[in-house]
Every structure is written in C-alpha cells, then in structure tokens.
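See below for the structure under consideration.
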Amino acid sequence: MNSDLEDKTLNALLAQPTQVSDRGFCRDTLKLIEKPAARKAKIFSAAGIAWLALAFVLASPAELNLQIQKFGDIFLSLFPKSLGLVELAQSSFPSSGVDFTLPTIVLFISVVLLWLSSMTRI
Amino acid sequence: MARRRLEIDLFSKLLNKERSLIQRARALHDREAYGTLMQLHQGKVRAFLIRLCHRYDLADDLAQETFISAFKKLDTFKGSGSFSGWLFQIAYNKFLQRMKDEKRREEVTISYVLENAVKTELYEGMSADQIDLENAMRSLKPELSAAISLCHSYGYSHREAADILNTPVGTVKTHILRGKGQLRTLLNAKTRVVGSK
C-alpha cells in the first residue's frame, strides 16, 4: 500500500466489500424461524381439538356421558379386577361424599392423563 | 461495453430471482425461499455488523435477530427500495437498540480495541490490504463505519444511506469524510510502521 494513501486507492479498497462465510449461519437461523411456527401449529391444533370437544359436550351432554361410560368399560376391562380401581378411589377420598361411579373414575383418570400430558412440552 | 451489458444482464437476473424469492417467502411463508434469500445477503449483513459492533458473537446475534425480524415483517416490505437496503436498515436499528438497551457503547468499543485481530478465517478470500482495512475500520465510531460501508462498500447513494441510517444526507457525507480521513491516517501509520521494520 502506498505510504500516502490516495483517495482513489482507499475507494478501490473499500469497494471490495468483505463477505463473511456462512458456516451454518443460515441453517441455524432457519431453525430459529421454524421453532415458534411449529409450536404455534401445535397450540392451534390443540385449541381446535378442545373446541371440538366443547362443541360436542354442549351439543349433547347425555351422549357424551354414554360415550364416557363405554370408554370406561373398555378401559377397565383391560385391567384385572384385582386391581380394584373403585376401591382405590374410595379409599383415597373416604369422606368426600363423591359418587364413585364409572364415569367419575374415567373422568378422574382422564384428568390425570391430561395433567401428565401437559407436563410434557408442547 | 459488452462487459458492462453482461454485468447489467446478470444484475437484472439476480434482481428478478430475488423478487420471486421475496414473493414466495411473503405469500406462502416459504422458508426455503427465505433461506435462499438469507444465503444471498447474510455475508454482507454480518460483515456490516462486525464493522459496527466489533465483536463477532454479538454481530452474529444481531444478524440472526435481523433475519428473524425481517421474516416476520416481510409483509411490510414495500419493494420501493432494495431488499438488502431494508435488511441493512433493520440490522442498524437492531444494533442501535442493543447499544441503547445495554448502555455499553464504551464497553463494546473497548472490547473492540482489545480484540484487535481480524478473524480472517470467517471471511471469504481476504487480501492483505483488506485485512488492514478491516483492522482500521475497527477504530472508527459505528456511525462513521456504517456510512462508509454503505456508500463505499455496498454501493448505496448518500440519499439511500441516509434513509437506512435515518440521518440527514449532510450528516452521512460528513461521517464519510471524517471516517475516510481517519482510515487514511490509520493505514498510512500502519504502512510506515511496516516500512520502518
């Protein structure tokens, strides 16, 4: 480089802009862009399912009760009677006065399952 | 003449490609198209930010924020100016915001001076003169460096640079004049030191 740097030389040097090489920058940034989008999609689908369930309950609560009972029957038939789910529930809440019918147990199990699933990240 | 025409053809082809990528990314939220756009512009946006904040990690953080923010705001890009100009504007605002938030302009300048070796391995094919220039750029204030980079390195007019930096045209011209003066002094001093050895 000349000892007395001329304006032309400096301009020519400045006119060759340096470029930083990619080195995974685009890939990492795209991942960051995609992350919230995927989460949003999951939240939307969960909200959609919840809305459908609500609509189903509001449309026909009796039908829902029947469905839950059927589901409960199937669910309980999977376990041996010795497991004593009803007895377990009654012993857990001895003085609560809650009627531990099949739908109640099924609802209880559903709530527990939902709670467990909510523990995992969406 | 023929070479100039060839350059113009190439430039217009690139511009058309860029436009179609922007449309795809905007209308369909096509991440692949946006990825290609990012590949086209990341090199200069990151080099610009390195010149401003003098720290490689911070520059990359800001560059990521710039591209994420640009993707979210793609609908607001009117297309009246260049896409790269719009990106530079977001990047510069991100830089100013970060400096304002952390109130560490002096701190960054100090770390810049301390971290005075250019990481040549991060750049694409750097000549010895370019390394000297990048080292000298590190001594400039961000506003001087930004004005010089935009007008002399990336080919923006004073008016366009003023829009990107949100400052009057006169200020941009003053910053360029002052910055180039400082660069000349620094580079001449370096040459004298090398020559005397």
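The values are calculated or read from the model by the stated rules, or taken from the named source; none is laboratory data. On a predicted model such as this, the values are computed, not experimentally measured, just so you know. Backbone-built Cβ (ideal geometry, glycine too); neighbour counts: all protein chains shown. SASA here: full protein model, heavy atoms, side chains in, ligands and nucleic acids out. Shrake-Rupley method; radii C 1.70, N 1.55, O 1.52, S 1.80 Å.
Between A:Leu54 and B:Asn93, how many nm apart are label points set 7 Å from Cα along the C-beta direction?
Label-label distance for A:Leu54 and B:Asn93, simple model: 3.6 nm.
R0 = 41 Å: FRET efficiency of A:Lys8 with B:Lys119, Cβ-based, nearest 0.05?
0.90
For B:Leu140, which sequence-distant residues (separation of 5 or more, or a different chain) have an amide H within less than 5 Å of its own amide H, given hydrogens modelled in the peptide plane?
Here the answer is none, since no amide H 5 or more places off falls under 5 Å of that of B:Leu140.
Taking 0.36 nm per intervening residue step and subtracting the Cα-Cα distance, what contour gain separates A:Ala38 from A:Gln67 on full extension?
7.2 nm
Given +1 on the Cβ of Lys and Arg, -1 on the Cβ of Asp and Glu, and no further charges, what dipole in debye does region B:133-175 carry about its Cα centre, rounded to the nearest 20?
So the dipole magnitude of region B:133-175 works out to roughly 120 debye.
Could you compute how much accessible area chains B and A hide from each other, both sides summed, with a 1.4 Å probe? Nearest 100 Å² is fine.
Summing both sides, the interface buries roughly 3300 Å².
What is the average number of partner chain Cβ atoms found within 10 Å of a Cβ in A:6-17?
Across A:6-17, the average partner-chain Cβ count within 10 Å equals 5.
By the scheme Lys and Arg +1, Asp and Glu -1, what is the net charge of all other residues having a beta-carbon under 12 Å from that of B:Leu177?
+3
So, taking all protein chains as they sit and a 1.4 Å probe, how much accessible area belongs to B:Arg19, in Å² rounded to tens?
My reading of the accessible area for B:Arg19 is about 140 Å².
Using a 7 Å offset from the Cα along the Cα-to-Cβ direction at both B:Gln23 and B:Asp57, what is the distance between the two label points in nm, to one decimal?
In this crude spin-label approximation the distance works out to 4.3 nm.
Once R0 is set to 25 Å, what does the formula 1/(1 + (r/R0)^6) return for the Cβ-Cβ distance between B:Leu40 and B:Thr167, expressed as a FRET efficiency to the nearest 0.05?
0.40
Can you list the residues, at least 5 places off or on another chain, whose amide H is less than 5 Å from the amide H of A:Gln19, using H built in the peptide plane?
Amide H neighbours of A:Gln19, under 5 Å, 5+ apart: B:Glu124.
Let me confirm one metric for peptide B:132-141, namely the mean number of other chain beta-carbon atoms within 10 Å of its residues' beta-carbons.
Mean shielding by partner chains, rounded to a whole number: 1.
All other residues with a Cβ under 14 Å from the Cβ of B:Ala63 taken together, and with Lys, Arg as +1 and Asp, Glu as -1, what is their net charge?
Once positives and negatives cancel, what remains is +2.
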